[in-house]
């Protein structure tokens, strides 16, 4: 795989975006992307150039993420309050919308921070499913192919993850 | 009861994964029920938020770090592994400091093991040998005690 530099140029941004959504912080996302590329290099004899390298790398990235989490046997840190302090992906990244008024932008950013906090509190497997299906808009079949799980497992986890997120975002009081 | 049923199907309704007749039935109910309409709105907000969830921009220097890591991995993979070279000509059968050979012949080990086994079996079968058994001079104290105790009970040996 002599084109690895070309692949890094082409796919690192996309891989980093996915890694950030999964891990929820920059340092872990950086490590995850690096490990995914090294694993791709290590397994390069299994890569069929007839297929998209990005898709293959994506599968490796998600598997590395789940295997690492399983091996570490730990969950992500759960904030006591929904993340509104800019530590989570999306939080503190104002969405510029020229036609929106400042209160609307603030409301939108707050909603993003709450969604980000709820995503953070999901387990790794549920989070991987919801990132693939609801954030990236992939079908259950595609998500199942990436995660190497049966479609039924993916749909069941998506079902649970959505309900958990809905509960977390329920207005309090 | 209808509301709880509708609530369970709400995410599928909002994402358009219900069959047509189910979706029509849901729509009819949601339009007539304020609570279910609010539930549908909440689900739509959640899905909209997930759809537009912003992607983190790639940090500066990531590509350079990745390329460096990959190059290092390739170099490590291509580097020749250090080999262990043993020159048998200078020391064909090296000896330990106490003069024993490192690899004793298997037949010697077997012979030694057999000898140990033979000695241990002999000891257990024949015992160390009792000198009084061959001399036949006086009976041991234990035997006389047994004889006296049987005489008391009236049985004569």
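Evaluate the following for residue A:157: is it at pLDDT 90 or above, away from chain B (no Cβ under 13 Å) and within 15 Å of residue B:11 (Cα to Cα)? Working first, answer last.
Values: at pLDDT 90 or above: yes; away from chain B (no Cβ under 13 Å): yes; within 15 Å of residue B:11 (Cα to Cα): yes.
The answer is yes for residue A:157.
Looking at the range A:139-173, which of its residues are loosely packed, with under 12 Cβ neighbours inside 10 Å and on the phi < 0 side of the Ramachandran plot? Talk me through it step by step, then tell me what you get.
Of all residues in the range A:139-173, those loosely packed, with under 12 Cβ neighbours inside 10 Å come to A:141, A:148, A:150, A:152, A:167, A:170-173.
Within the range A:139-173, A:141, A:150, A:152, A:167, A:170, A:171, A:172 qualify.
Collect the residues in the range A:24-47 that are surrounded by fewer than 23 Cβ atoms within 10 Å (Cβ to Cβ), more than 8 Å from chain B (Cβ to nearest Cβ) and part of a helix (DSSP H, G or I), keeping them in residue-number order.
Selection gives A:27, A:28, A:31, A:32, A:35, A:39, A:44, A:45, A:46.
Report those helices (runs of 4 or more DSSP H) wholly inside the range B:1-79 carrying at least 3 residues which are modelled with pLDDT of 85 or more and within 8 Å of another protein chain (Cβ to nearest Cβ).
Values: elements: B:2-14, B:20-32, B:34-51, B:62-78.
Of the helices (runs of 4 or more DSSP H) lying wholly inside the range B:1-79, those with at least 3 residues that are modelled with pLDDT of 85 or more and within 8 Å of another protein chain (Cβ to nearest Cβ) span B:34-51, B:62-78.
Are any residues in the range A:106-125 more than 9 Å from chain B (Cβ to nearest Cβ), crowded, with 21+ Cβ neighbours inside 10 Å and free of Cβ contacts under 8 Å to residues at least 60 places away in the same chain, and if so, which ones? It would help to see each step written out before you state the result.
Our first condition is that a residue be more than 9 Å from chain B (Cβ to nearest Cβ); within the range A:106-125, this holds for A:106-107, A:109-110, A:113, A:117, A:120-125.
After this cut, where a residue has to be crowded, with 21+ Cβ neighbours inside 10 Å as well, the list is A:113, A:117, A:120, A:122.
Across the range A:106-125, the qualifying residues are A:113, A:117, A:122.
The values are calculated or read from the model by the stated rules, or taken from the named source; none is laboratory data. A quick note: this is a predicted structure, and the numbers were derived from the prediction, not measured. Note: ideal-geometry Cβ built from the backbone for every residue, glycine included; neighbour counts use all protein chains shown.
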